[in-house]
Amino acid sequence: MTVAAKKIFSYLLKASILVLTVLFVYHKLLSKNDSLQQFKNLTSVISRAEVVYTMGAVVVLMVVNWALESLKWQYLAKKLTRLSAWQAVEAVFCGLSWAIFTPNRIGEYGGRVMFLPNRKRIHGVFAMAVGAFAQNVITNLVGILASLWFIYHFLHLNIWLFLGITLLSVAFLALFLLLYFRIGLLVKWLDRISFLRKFRRFFDIMGRYSQRELLVVFGYSLARFFVFSFQYYLVIHLLLPQLPLFSMVMTVLVFIFIQSAMPSLDLLDIGVRSFTAMHLFLYITNQQIAIIAAVSSIWLINLIIPAIIGSIFVFKLRFFDRTA
């Protein structure tokens with residue numbers, strides 16, 4: 001392609017991404033949205049100051065959440081290139097704008113690695129996978145332990161069946177932790193698969209992280225998990241202050257675990273999230289509208305608002321000319 005053609009194609013790509021983001025957000029937010037209206041109705045009977053302070057704290061925690069993710073990405077990317085903290089923020093938010101209209105948020109990888117030099121972008125996908133792996137380990141570790149509590153207290157399974165599930169869960173978690181902190185073993189296994197061997201120079205980046213570096217990434221992921229779990233606690237406690245604290249927190253952890261395991265499309269899966277939360281929280285409350293409203297508000301603040309912000313950074317992408 002000529003230089004002029006590359007520029008035209010680059011502008012068209014950026015414009016397409018921006019238009020898709022705007023259209024998807026418009027469809028979900030400016031069209032009829034009963035859940036957000038329900039949230040407004042529920043909060044109308046709560047003191048205005050309490051609503052403002054709580055939701056303000058949730059928005060601040062959203063910023064903290066994605067700031068932690070940006071620092072984690074900056075830390076991971078240092079194996080490939082030097083990114084400033086602000087460049088990492090731009091990359092993360094740009095990735096979020098791509099993620100909302102792609103299945104399982106796969107576009108987040110593309111949006112984020114576009115801020116890397118051309119020759120490092122595929123390597124960047126695998127570096128990002130290390131961070132995603134750490135987040136999955138945390139979600140599975142906490143979520144499975146909370147699920148065992150949930151099963152024991154609410155499902156009343158046969159004791160032997162419960163013990164079997166517990167043993168399998170512990171074995172799975174042990175394997176998961178082993179693979180993460182010995183990620184070099186995973187790389188060696190991938191290298192034994194014949195059709196993947198030709199991609200070794202790309203996924204080999206995963207094996208370059210030391211245990212100390214993996215522990216730092218694990219710490220960032222744990223902090224993020226705490227932040228967005230606390231957001232759920234704040235909103236649900238605002239709407240349903242009578243719920244027992246421990247049961248509510250454990251059910252939130254189970255919900256986060258379940259939703260992380262489900263295939264999703266950020267702008268279309270709010271119905272699935274609401275359905276899952278509604279039936280899960282039935283074990284501790286019959287206030288289904290409040291639960292749906294809480295989940296919808298967290299979805300809006302954590303995913304949609306950052307995606308809108310991220311669309312601003314789309315025009316800073318360099319599809320062809322970032323070669324340093």
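The values are calculated or read from the model by the stated rules, or taken from the named source; none is laboratory data. Worth saying up front: this structure is predicted, and the values here are computed from it rather than measured. So basically every Cβ, Gly included, is an ideal-geometry build from the backbone, and we count neighbours across all protein chains shown. We work out accessible area using only protein heavy atoms, side chains counted, and drop any ligands, DNA or RNA first. Shrake-Rupley method; radii C 1.70, N 1.55, O 1.52, S 1.80 Å.
Data overview
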| item | result |
| --- | --- |
| Subset of the range 89-107 that is farther than 17 Å from V63 by Cα and either touching an Asp or Glu at 6+ places or on another chain (Cβ under 9 Å) or buried (at least 24 other Cβ atoms within 10 Å of the Cβ) (or both) - its residue that is modelled with the lowest pLDDT | F101 |
| Complete set of residues in the range 189-228 that are hydroxyl-bearing (S, T, Y) and modelled with pLDDT under 75 | S194 |
| Residue check, F199 open to solvent by 30 Å² or more (accessible area, probe 1.4 Å), in contact with a Gly (Cβ under 8 Å, 6 or more places away or on another chain) and within 30 Å of G124 (Cβ to Cβ) | no |
| Test result for V216, surrounded by 18 or more Cβ atoms within 10 Å (Cβ to Cβ) and in a helix (DSSP H, G or I) | no |
| Unique residue being surrounded by fewer than 21 Cβ atoms within 10 Å (Cβ to Cβ), closer than 16 Å to V249 by Cα and at pLDDT 85 or above when the list is I284, I305 | I284 |
| Enumeration of residues in the range 55-86 that are open to solvent by 40 Å² or more (accessible area, probe 1.4 Å), modelled with pLDDT under 95 and farther than 20 Å from I122 by Cβ | S84, A85, W86 |
| Residue count for the range 108-129, restricted to those that are aliphatic (A, V, I, L, M), open to solvent by less than 20 Å² (accessible area, probe 1.4 Å) and in a helix (DSSP H, G or I) | 3 |
| Residue under evaluation R182, criteria (1) open to solvent by less than 80 Å² (accessible area, probe 1.4 Å); (2) within 18 Å of A132 (Cβ to Cβ); (3) among the charged types (D, E, K, R), criterion not met | (1) |
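Each row is one residue, and each column tells you yes or no for (1) more than 30 Å from Y53 (Cβ to Cβ); (2) touching a residue at least 12 places away in the same chain (Cβ under 8 Å); (3) among the charged types (D, E, K, R).
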site: L163; (1), (2), (3): yes, no, no
site: T166; (1), (2), (3): yes, yes, no
site: S169; (1), (2), (3): yes, yes, no
site: L175; (1), (2), (3): yes, no, no
site: L190; (1), (2), (3): yes, yes, no
site: R208; (1), (2), (3): yes, yes, yes
site: R224; (1), (2), (3): no, yes, yes
site: S229; (1), (2), (3): no, yes, no
